[in-house]
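**Q** Dumping the structure here so I can ask a few things about it.
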Amino acid sequence: MSCYDGLDWAALVDSGYPDLKGHEAEVYGLWRYEIRQVALPARGRRALEGWRRAPGARLSIWIFVLGHELTHAEQSDAYNAPRSRPFDEVEAACGGFAKFGRLRHALGIKRHVQPPPRGFARCPLKRAVGGRP
C-alpha cells in the first residue's frame, strides 16, 4: 500500500480516470494493477495511522476502502483483470465488508469500529439458506 499527498493523488487519479479530473477527492482508493499496489490518499493514511484519535465513522470508511481495493487485487489474480474484464465494483464492495474485521485486526486497530452503513456501497444483503424472505 502507498499513500499520496494532494498533488500526487490528483495526478494519479487523472492518469487512470481522466474523466474525474477536478473530482479527485471523490476517489477513495485505487488498485494499481500494473504495479500491484493499493493506493490511498494521504487523508486515508492519517486516519489509519491515527486510529486511536480518528472518528469511528471516518476510520471505518478507510478500513472498508482498503478491503475494497484488496478485493480488486483478488479479481485481477483470478481473472487477469483488467485485461479480460472490467473490475466488478459490487463484488469489491462486498469484499470490503467481508474483509472488514480481518483488516481491522491485521492493521492492529484494537478499538471496536463498525463497518460503514450498507448504503455506503452497493452490496446486497445475502439471505440465509432456508431463511424467511
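**Q** Cβ-Cβ under 9 Å, sequence separation 6+ or interchain: first residue in region 40-58 and closer than 10 Å to Asp5 by Cα and free of Cβ contacts under 8 Å to residues at least 40 places away in the same chain, partner open to solvent by 70 Å² or more (accessible area, probe 1.4 Å) and part of a loop (DSSP other than H, G, I, E, B). Which pairs?
**A** Qualifying pairs under 9 Å: Leu40/Met1; Leu40/Tyr28; Pro41/Asp5; Pro41/Tyr28; Ala42/Asp5.
**Q** What's the number of the only condition in (1) surrounded by 13 or more Cβ atoms within 10 Å (Cβ to Cβ); (2) of a type outside the set (A, V, I, L, M, F, W, C); (3) over 25 Å from Val90 (Cβ atoms) that Gly50 fails to meet?
**A** Exception for Gly50: condition (1).
**Q** Write out, first by first residue and then by second, each pair whose Cβ atoms fall under 8 Å of each other, whose residues are 6+ apart or on separate chains, and whose first residue, in region 1-29, is touching a residue at least 40 places away in the same chain (Cβ under 8 Å) and closer than 23 Å to Phe120 by Cα while the second is part of a helix (DSSP H, G or I) and of a type in the set (Lys, Arg).
**A** Every condition considered, the pairs that remain are Cys3/Arg45.
Here's the yes/no breakdown for (1) assigned to a helix (DSSP H, G or I); (2) closer than 15 Å to Leu107 by Cβ; (3) in contact with a helix residue (DSSP H, G or I) (Cβ under 8 Å, 6 or more places away or on another chain):
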residue	(1), (2), (3)
Asp14	yes, no, yes
Glu34	yes, no, no
Arg46	yes, yes, no
Arg52	no, yes, no
Ala57	yes, no, no
Ile63	yes, yes, yes
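**Q** Have a look at Gly16, Gly44, Gly6 and point out the one that is among the small types (Gly, Ala, Ser) and within 14 Å of Val65 (Cβ to Cβ).
**A** That would be Gly44, the only listed residue that is among the small types (Gly, Ala, Ser) and within 14 Å of Val65 (Cβ to Cβ).
**Q** Condition test on Gln75, is it modelled with pLDDT under 95, farther than 22 Å from Tyr4 by Cα and of a type outside the set (A, V, I, L, M, F, W, C)?
**A** yes
**Q** Among the listed residues His68, His112, His72, identify the single one that is open to solvent by 30 Å² or more (accessible area, probe 1.4 Å) and either touching a residue at least 40 places away in the same chain (Cβ under 8 Å) or part of a loop (DSSP other than H, G, I, E, B) (or both).
**A** One residue alone meets the criteria, His112.
**Q** So, of the residues in region 1-34 that are within 18 Å of Phe87 (Cβ to Cβ) and among the aromatic types (Phe, Trp, Tyr), which turns out to be surrounded by the most Cβ atoms within 10 Å (Cβ to Cβ)?
**A** Trp31
**Q** Would you check if Val90 is modelled with pLDDT under 95, in a helix (DSSP H, G or I) and surrounded by 11 or more Cβ atoms within 10 Å (Cβ to Cβ)?
**A** Judged against the criteria, Val90 is a match.
The values are calculated or read from the model by the stated rules, or taken from the named source; none is laboratory data. The structure presented is a predicted model; accordingly, all values stated were derived computationally and were not measured. Here the Cβ is made from the backbone with ideal geometry for all residues, glycine too, and neighbour counts use every protein chain on show. Protein only, heavy atoms only, side chains kept; ligands, DNA and RNA dropped before computing areas. Shrake-Rupley method; radii C 1.70, N 1.55, O 1.52, S 1.80 Å.
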